[in-house]
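A.B. asks: If you scroll down you'll find the structure; I have some questions about it.
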């Protein structure tokens, strides 16, 4: 099937099956799971994933084509986005066959929800500085510590956990990756209110949580290389919008603004032209990355440039929209009030803009690395977090 | 929509890049237009004939290939009237075929140029296919080097008007012999040292009527954007290379985030610019409905991005970038000259606003 045909079929399926809106009877997570099962059974979940583990075995081109169609809809896939975009691909790349057989298909079909447990209060951009400890105890590990910025943890069945297993070696060399059971009694999930006033994220506390060694992903003390795999998938999935629902209802989009602001003013027109230019420029860049992938050119760290541009566009357009709409945009339940409060998130989550620029500089342009003072110091002797 | 080069297009790119690297390196660029290099470029590589139809001696290629070629001539800052000839050729391929001119361009015998929009039409006394052309053009790209000028002309009273040629408003495209009588050319001082312009005064100059004047403004926008993409890529490559060897305070300057982050932003602009140029070239070849929007987008985004990258590439060089002997100002000046070549940049933004029905 050629790509145009694929897109037509996808559009037809979405028109038939996509829910009309967020409203509806019953538990929204249960409804999301029901939709995800239908999405999987129709062949639109795990489009690029290997057939052996339950995927469709197609290319990024099909995935991005589907994502492009999805933008016209609002799909209830948010609770699955971490599993589909980050933890699932990590298991496919780095898990054991037993782990792939156990976890991947239920993840793709929405039967189990995943979260990612990397960031900590003292380890954000410097995520290799995590302090959550995992200590070996026979055939199991015992985990204590705290994670933060964890999306969908309140619904999650499983989490991908980065923990410190050796403090006597430099920080990158003493980390191990695990799959942790989020239903374990030692796991406490607490909602974290962000600047929008809502709790999109959680804080997670681990109190003597046991993990069987068979749920270790990768070798002991090789967790950093597994984390790098996850982060790469994260950036690609953010820039492609995979599993992120749709943008149909974005109140700061060009189409929304042209309806709500006075375009007889030439200054307003020019601002909207700027928004159009930036939106098209990024959309075409994403399409080119998709076509390159299809032609066998892996975008790699160039996905970080796309993520950086998306972050800047997100903030620019919410900022522009509030300036164009004026005083009414920041009172009551105006959707732009929420949009401008959420807008900084894209520049922070999944790696800050500064980290994205470091990645583009180091891995795309191959610029010399910044001198590091933390590379050869045993973790226990290293300064981390906020130091007075 | 095709945004990625195929094997043939990559082959073309590599051939042009290696030819220009050897025949027209930067030290030579400073010496200006070299007809000998042009003869080889057009002869060995068939550069000037790339989009000329095969029956007239060209390669019959489309804008996707032309964009690849212009990206390389831009990156090399190839001096002289190449872009001018490409502009003229674009117009020639949108009119009833003129065997002599198309053949001359394809063989590299004829250096042509085009009066750029929105220049006023000049006046012409038309007698059959011949015309005596009168008017003043203040800035003609490659006007001193070209032998033929394509200029829209309005038939004067008392002459056969252009309606006979199918021109609705009586404006016909004329090909004026710039080497003949009645032509005064005044080379201009140009900011961009690598590309000349000239004032051209025509006083009953010898010309021929080619047919109704085509509207090629969108196609010129796309062609220029391809050159700008090359200029910006070469400028970024130059400063990235320098950031890897220049040391300050005991470190390579590229290791400082103050430098690295700006280079990353420049790279992000380049990625978007390339995507837009590929899209606009595809639209020129395959999607006429999308061409106006794509062409205006190309100039609005790529024209600006090219200057910004060339500017930042100069600044990040530090003081050496401000010297005459360093090449940074060559890119900077080309980028600025290109940004305003087809009119003040706001015209492209205004065009987008109209197309978006704002």
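A.B. asks: Quick test for you: out of A:204, A:238, pick the one residue that is buried (at least 16 other Cβ atoms within 10 Å of the Cβ) and at pLDDT 95 or above.
C.D. replies: A:204
A.B. asks: While we're on this one: Quick check on my filter: what residues within the stretch B:4-30 are within 21 Å of the chain's Cα centre (by Cα) and within 14 Å of another protein chain (Cβ to nearest Cβ)?
C.D. replies: Within the stretch B:4-30, B:5, B:9, B:10 qualify.
A.B. asks: Sticking with this one: Applying the selection to the stretch B:334-358, what residues are buried (at least 20 other Cβ atoms within 10 Å of the Cβ) and farther than 18 Å from residue A:270 by Cβ?
C.D. replies: Scanning the stretch B:334-358 gives B:334, B:335, B:338, B:341, B:342.
A.B. asks: Let me spell it out: the conditions are (1) under 27 Å from residue B:277 (Cα atoms); (2) touching a helix residue (DSSP H, G or I) at 6+ places or on another chain (Cβ under 8 Å), and residue A:295 meets all of them except one. Which number is the exception?
C.D. replies: All conditions are met except number (2).
A.B. asks: Any residue at all in the stretch A:225-235 that's at pLDDT 95 or above, more than 23 Å from residue A:345 (Cβ to Cβ) and in contact with a strand residue (DSSP E or B) (Cβ under 8 Å, 6 or more places away or on another chain)?
C.D. replies: yes
A.B. asks: Further question on the same structure: Might you let me know whether the stretch A:24-38 holds any residue that is in contact with a strand residue (DSSP E or B) (Cβ under 9 Å, 6 or more places away or on another chain), outside the structural domain of residue A:287 (by TED's automatic domain parsing) and surrounded by 16 or more Cβ atoms within 10 Å (Cβ to Cβ)?
C.D. replies: no
A.B. asks: Could you check how many residues of the stretch A:145-186 are in a strand (DSSP E or B) and within 25 Å of the chain's Cα centre (by Cα)?
C.D. replies: 21
A.B. asks: Now, a different point. What number of residues within the stretch A:336-381 are surrounded by 14 or more Cβ atoms within 10 Å (Cβ to Cβ) and away from chain B (no Cβ under 14 Å)?
C.D. replies: Qualifying residue count for the region: 18.
A.B. asks: For the stretch A:269-278, enumerate the residues that are facing chain B (nearest Cβ under 8 Å) and either within 15 Å of residue A:325 (Cβ to Cβ) or buried (at least 19 other Cβ atoms within 10 Å of the Cβ) (or both).
C.D. replies: A:269, A:272, A:273, A:276, A:277
A.B. asks: Hey, any hits in the stretch B:272-279 for a residue that's touching a strand residue (DSSP E or B) at 6+ places or on another chain (Cβ under 8 Å), at the interface with another protein chain (Cβ under 9 Å from one of its Cβ atoms) and within 27 Å of residue A:362 (Cβ to Cβ)?
C.D. replies: Taking every residue of the stretch B:272-279 in turn, none turns out to be touching a strand residue (DSSP E or B) at 6+ places or on another chain (Cβ under 8 Å), at the interface with another protein chain (Cβ under 9 Å from one of its Cβ atoms) and within 27 Å of residue A:362 (Cβ to Cβ).
A.B. asks: A follow-up question, please. Please go through the stretch A:283-319 and pick out each residue that is surrounded by fewer than 21 Cβ atoms within 10 Å (Cβ to Cβ), assigned to a helix (DSSP H, G or I) and more than 11 Å from every other protein chain (Cβ to nearest Cβ).
C.D. replies: The answer is A:314, A:315, A:316, A:319.
A.B. asks: Take the residues in the stretch A:41-50 that are surrounded by 14 or more Cβ atoms within 10 Å (Cβ to Cβ) and more than 20 Å from the chain's Cα centre (by Cα), then tell me which one is nearest to residue A:233 (Cα to Cα).
C.D. replies: Among those that are surrounded by 14 or more Cβ atoms within 10 Å (Cβ to Cβ) and more than 20 Å from the chain's Cα centre (by Cα), it is A:43.
A.B. asks: Mind checking whether some residue in the stretch B:293-300 is away from chain A (no Cβ under 12 Å) and touching a helix residue (DSSP H, G or I) at 6+ places or on another chain (Cβ under 7 Å)?
C.D. replies: Looking for residues that are away from chain A (no Cβ under 12 Å) and touching a helix residue (DSSP H, G or I) at 6+ places or on another chain (Cβ under 7 Å), one finds at least one in the stretch B:293-300, hence yes.
A.B. asks: Among (1) modelled with pLDDT under 95; (2) more than 24 Å from the chain's Cα centre (by Cα), where does residue A:213 come up short?
C.D. replies: (1)
A.B. asks: Going by the conditions given, is residue B:343 modelled with pLDDT under 95 and either at positive phi or assigned to a helix (DSSP H, G or I) (or both)?
C.D. replies: Spelling it out, residue B:343 is indeed modelled with pLDDT under 95 and either at positive phi or assigned to a helix (DSSP H, G or I) (or both).
A.B. asks: Would you mind stating whether residue B:245 is facing chain A (nearest Cβ under 9 Å) and either within 20 Å of residue A:358 (Cβ to Cβ) or without any contact (Cβ under 8 Å) to a residue 24 or more places away in the chain (or both)?
C.D. replies: Here the answer is no, as residue B:245 does not meet what is asked.
The values are calculated or read from the model by the stated rules, or taken from the named source; none is laboratory data. None of these values were measured; they are calculated from a predicted model. Don't worry about glycine lacking a Cβ; one is built from the backbone with ideal geometry, like all the others, and counts go over all protein chains shown.
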